[in-house]
Amino acid sequence: MLGRFVRDVRGQAAVVETVVMLLLLVSFFAGFSAYAIAAHARAVVIGAAAVAGRAASIQCGQGVATWQGDATAIAQSALQDGGLRLTTFQAGNAQPGDWYVAFGGGCASGGSVSVTVQYDQLNLFPYLAALLGQGPAEAWIFPLASTAVYPVD
C-alpha cells in the first residue's frame, strides 16, 4: 500500500515540475523578446538621429531654407524604414509610437547643428528601460532618445 502511494506521488511531481519549467521558459522567452524589440527600436532611433543630423548640417551650410523640415522627413523615413510604428504626436496624450524631432545650434559657419530624435517605446516589463540605459519608464511607455551633433558644412 505504501509503495503504491509513493509511486503515485512521483508521477504527480513530474507533472508539477514540467508545468513550473514551462512557465519559467515562457516568461524568459517573453522577456528576451521584449528586450530584443526595444534594443532594435533604440538602434533605429540612433540611426535616424545620425542621418537627420548629417542632412541638417549639409543643408543648413548650403543655405537651404527648409532644412528643418527636410531633416524631419528624413528622420521619419528612417524610423519607418526601421520598422517602427509611428503615431501622430498629441500633447498630453503619450502613446507608444509617438515621436518628435528637435533642433539646436545654428547655421553660422564654423557652428554646429544638433538633432534630437525621440520615440516612445511600449514598456512590457518593469526593468526594460533601465536595462537599455533610458532611465525610469512612465506607465506603459519609455522614451528612446538620441542626439546627433554635426558641424555645419
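The values are calculated or read from the model by the stated rules, or taken from the named source; none is laboratory data. Here the structure is a predicted model, which means the values were calculated and not measured. All Cβ positions, glycine included, derive from the backbone under ideal geometry; neighbour counts span all protein chains shown.
Quick rundown of the values:
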{"quantity": "Residue in the stretch 66-76 that is exposed (fewer than 14 other Cβ atoms within 10 Å of the Cβ) and either part of a helix (DSSP H, G or I) or at pLDDT below 90 (or both) present", "calculated": "yes"}
{"quantity": "Residues of the stretch 112-128 satisfying the condition of being surrounded by 17 or more Cβ atoms within 10 Å (Cβ to Cβ) and either closer than 30 Å to Trp67 by Cβ or acidic (Asp, Glu) (or both)", "calculated": "Val113, Val115, Thr116, Val117, Gln118, Tyr119, Asp120, Gln121"}
{"quantity": "Yes/no for Gln62 being exposed (fewer than 14 other Cβ atoms within 10 Å of the Cβ) and either polar (S, T, N, Q) or modelled with pLDDT under 85 (or both)", "calculated": "yes"}
{"quantity": "Any pair with Cβ under 8 angstrom, 6 or more apart, that starts in the stretch 51-75 at a residue that is among the basic types (Lys, Arg) and ends at one that is at pLDDT 90 or above", "calculated": "Arg54/Ala148; Arg54/Tyr150"}
